[in-house]
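Below: one structure, written as structure tokens.
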Amino acid sequence: MRGKQAPKRDIKPDPKYGNQTVAKFINYVMRQGKKTTAQKIVYGAFEQIAEKTKADPLDVFDRAFKNLQPTVEVKSKRVGGANYQIRPRSAASAAWPWLSAG
């Protein structure tokens, strides 16, 4: 490997709720660098959740995100007849498309 490995960047929490998971979801929803549009979409969805469920939208979002994450994902890579499990961080990244499509 040439050069240095890029440092891992920390995601700043979103301005309204102060939550890093919501900020990551806003970044996932964002298209072509339009972050304010993505924030309007996500915060609008949170307002609808609050109106319909009469519950804290952040709790509903966290519960939905945790339910969507795969607990174990098996790769189809066979090395000596063994299958490997992915890291939990990758499980979270696998849940983002499922959360946005649903």
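The values are calculated or read from the model by the stated rules, or taken from the named source; none is laboratory data. Just so we're clear, the structure is a prediction, and the values are computed from it rather than from any experiment. We place every Cβ from the backbone using ideal geometry, glycine too, and count neighbours over all the protein chains shown. Remember, those area values only see protein heavy atoms, side chains included, never the ligands or the DNA or RNA. Shrake-Rupley method; radii C 1.70, N 1.55, O 1.52, S 1.80 Å.
Taking helices (runs of 4 or more DSSP H) as the structural unit, those lying wholly within the stretch 2-81 and holding at least 2 residues that are at pLDDT 90 or above and farther than 18 Å from residue 99 by Cα correspond to 35-53.
Restricting the first member to the stretch 1-23 and to residues that are of a type in the set (S, T, N, Q), and the second to residues that are open to solvent by 80 Å² or more (accessible area, probe 1.4 Å), no beta-carbon pair is closer than 6 Å while six or more apart or on different chains.
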